Amino acid sequence: LLENKKLPEQLISRIEEELKLVPYGKRPDSLYDPIRYILSLGGKRLRPVLVLLSGRIFSELSDERLFNMGLVAEVFHNFSLLHDDVMDEAPLRRGMPTVHEKWDVNTAILSGDVMLVLAYQILSKLPPKSLPFCMNAFNQVAREVCEGQQLDMEFEQKEIVLLDDYIEMIRLKTAVLLGFCCKTGAFLAGANDEQFNKLYTFGESIGLGFQLMDDYLDVFGDSSKFGKRVGGDIASNKKTYLLIRALELAKGEQLYMLNHWLSMHNENLLDDKVKFVTQVYVSLGIDKEVKRLAESYFEKGFEQLASLRKENPKVQDLELFAKELMMREK
Ligand code: IPE
Ligand code: IPE
Ligand code: MG
Ligand code: MG
Ligand code: MG
């Protein structure tokens with residue numbers, strides 16, 4: 001590992017190397033090229049970093065199994081992005097055209113499917129002693145992500161979504177995977193039940209904050225940094241925290257106009273819709289509110305680590321990484 005780089009950056013370089021060594025497959029090119037494409041576009045590599053930093057609390061990073069588990073999480077995550085971008089009709093990912101735009105929808109579906117198989121293939125290389133636990137955890141999280149994605153799509157069509165239902169939806173589609181990364185990293189490194197369960201809750205809690213920030217950035221981010229189309233959630237009537245709160249808080253003329261824009265499906269007026277809804281969020285203070293709520297979930301996560309922190313100074317590296325994630329612009 002290079003001495004002049006910060007720990008997460010060192011880990012990311014190593015993950016990039018490991019990702020290049022995965023035998024993705026060859027023919028037909030049209031099936032495998034999109035896999036190499038999406039995985040070559042970078043991204044934060046947040047999930048493998050969580051596996052590694054969680055594992056490092058309990059053992060040495062020389063443990064190959066941790067890198068394997070990091071790859072499982074990253075390949076699975078990228079599979080979910082291929083399908084998510086089809087479902088969300090997203091044109092941009094990591095600053096580049098999405099797979100279904102560059103190739104087509106069928107390719108995005110099938111290359112995504114193969115990536116899920118790949119994730120299982122990498123997982124199955126774990127030694128027999130750790131495999132059953134990790135396989136169970138992975139099966140559960142993979143199902144939950146699909147459950148969350150289904151709710152996310154259903155909510156687009158619903159006029160009213162309760163905040164609790166929204167939180168449960170983002171817990172499933174996003175947070176449980178971060179919990180899984182922290183938990184399996186800790187488990188593989190020899191943590192006991194109580195310890196790896198705390199890490200799960202930590203990951204899940206920062207995962208809720210992470211998705212709230214994703215919803216914020218989808219409106220207020222800078223597309224050149226965020227790498228996705230800004231305003232996409234507004235365009236598709238995603239019931240994000242911001243929209244749910246706007247529907248709760250808006251009154252009179254503002255509420256009338258908000259509902260008017262939500263029922264509008266004219267593609268030519270999308271920019272005006274995004275402009276209007278964004279201005280509603282700002283005028284109701286929802287931009288600040290969502291950031292505060294996101295921070296409170298990160299704080300809840302840090303509380304989980306309090307007792308571990310006393311026993312082990314390496315917990316701080318995980319916390320520092322999560323703090324930087326909280327302030328992210330991409
Ligand atoms: C995007 O995940 C999908 C969400 C759960 C919000 P990331 O923001 O981790 O995307 P990359 O991997 O860094 O591109
Ligand atoms: C993504 O939610 C959750 C999964 C990919 C499972 P989003 O739809 O908000 O993610 P982005 O914004 O497209 O990355
Ligand atoms: Mg999306
Ligand atoms: Mg989505
Ligand atoms: Mg999003």
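The values are calculated or read from the model by the stated rules, or taken from the named source; none is laboratory data. Since we're looking at a predicted model, the values are computed, not measured. Because the Cβ atoms are built from the backbone with ideal geometry, glycine has one as well, and the counts that use them run over all protein chains shown. To get the accessible areas, we keep the full protein, side chains included, count just its heavy atoms, and leave off ligands, DNA and RNA. Shrake-Rupley method; radii C 1.70, N 1.55, O 1.52, S 1.80 Å.
Put 96, 257 in order of accessible area, largest first, 1.4 Å probe: what do you get?
96, 257
On the full set of protein chains, 1.4 Å probe, figure out the accessible area of residue 15 and give it in Å² to the nearest 10.
Accessible area, nearest 10 Å²: 10 Å².
Would you mind calculating the relative contact order of the chain from Cα pairs under 8 angstrom and at least 6 residues apart, reporting the percent as a whole number?
Relative contact order of the chain: 19 percent.
Relative to 2.2 N^0.38 Å, what does the C-alpha radius of gyration of the chain come to as a ratio? Two decimals please.
The value comes to 1.01.
Distance from the Cα centre of the range 147-181 to that of the range 196-239, in angstrom?
Between the Cα centres of the range 147-181 and the range 196-239 lies a distance of 12 Å.
Can you send over the solvent-accessible area of residue 33, 1.4 Å probe, protein chains only, in Å² to the nearest 10?
Solvent-accessible area, nearest 10 Å²: 60 Å².
In the chain, which helices (entire DSSP H runs) extend 30 Å or more along their own long axis, judged by Cα positions, while averaging at least 0.0 on the Kyte-Doolittle scale?
Correct list, ordered by number: 64-87.
Over the range 111-190, with the other protein chains present, what is the accessible area per residue in square angstrom, probe 1.4 angstrom?
Solvent-accessible surface per residue comes out at 45 Å².
For the modelled label position 7 Å from the Cα of residue 296 along Cα-to-Cβ, which residues of the range 209-223 have backbone nitrogen atoms closer than 16 Å?
Hits in the range 209-223 for residue 296 at 16 Å: 209-213.
Roughly what would the spin-label model give for residue 316 and residue 262, points 7 Å off Cα along C-beta, in nm?
In this crude label model, residue 316 to residue 262 measures out at 4.7 nm.
Could you work out what % of the accessible surface of the chain is carbon and sulfur, using a 1.4 angstrom probe and leaving DNA, RNA and ligands out of the count?
Answer for the chain: carbon and sulfur cover 53 percent of the accessible area.
Considering the chain as a Gaussian network with a 10 Å cut-off on Cα pairs, which listed residue, 151, 21, 31, attains the greatest mean-square fluctuation?
21
Set the Förster distance to 35 Å, then compute FRET efficiency between residue 17 and residue 150 from the Cβ-Cβ distance, nearest 0.05.
0.50
Quick one: which residues, 5+ away or cross-chain, put their amide H under 5 Å from the amide H of residue 93? H built at 1.01 Å from N.
Close amide H contacts, sequence-distant or interchain: 98.
Under a 10 Å cutoff between Cα atoms, tell me which one of 104, 214, 317 has the largest fluctuation in the Gaussian network model of the chain.
Checking each option, the largest mean-square fluctuation is seen for 104.
Compare 229, 14, 292 by solvent-accessible area with a 1.4 Å probe and give them largest first, with all protein chains kept in place.
So the residues, ranked largest to smallest area, are 292, 229, 14.
State in Å² the accessible area per residue of the range 209-330; use a 1.4 Å probe, count heavy atoms of protein chains only, and round to the nearest integer.
Accessible surface, normalised per residue, equals 50 Å².
Can you give me the pair-distance distribution of the range 118-239, C-alpha pairs, 5 Å bins, whole percents?
2, 11, 16, 19, 17, 14, 10, 7, 3, 1
Using just the helices of the chain, give the 222 nm mean residue ellipticity in deg cm²/dmol: DSSP H runs with n ≥ 4 each add -39,500 (n - 2.57), and the total is spread over all residues, rounded to 500.
Result for the chain, helices only: -23000 deg cm²/dmol.
Taking the solvent-accessible surface of protein heavy atoms with a 1.4 Å probe, what is the per residue accessible area of the range 34-80 in Å²?
Per-residue accessible area for the range 34-80 comes out at 24 Å².
Note down the magnitude of the dipole of the chain about its Cα centre, charges +1 on Lys and Arg C-beta and -1 on Asp and Glu C-beta and zero elsewhere, to the nearest 20 debye.
It comes to approximately 840 debye.
Roughly speaking, what is the stretch gain from residue 5 to residue 194, that is 0.36 nm per residue apart minus the C-alpha to C-alpha distance, in nm to one decimal?
64.8 nm
Once label points are set 7 Å from the Cα along Cα→Cβ at both residue 164 and residue 303, what is their separation, rounded to one decimal in nm?
Distance between label points: 1.9 nm.
Can you give the accessible area of residue 296, probe radius 1.4 Å, in Å² rounded to 10?
Estimated to the nearest 10 Å², residue 296 gives 50 Å².
Taking springs between alpha-carbon atoms closer than 10 angstrom, which of 107, 174, 201 fluctuates most in the Gaussian network model of the chain?
Ranking 107, 174, 201 by mean-square fluctuation puts 107 first.
Only Cα pairs under 8 Å and at least 6 apart count here; give the relative contact order of the range 62-112 as a rounded whole percent.
About 34 percent, as a whole number.
Set the Förster radius R0 to 35 Å, insert the Cβ-Cβ distance between residue 272 and residue 36 as r into 1/(1 + (r/R0)^6), and round the FRET efficiency to 0.05.
Between residue 272 and residue 36 the formula returns 0.35.
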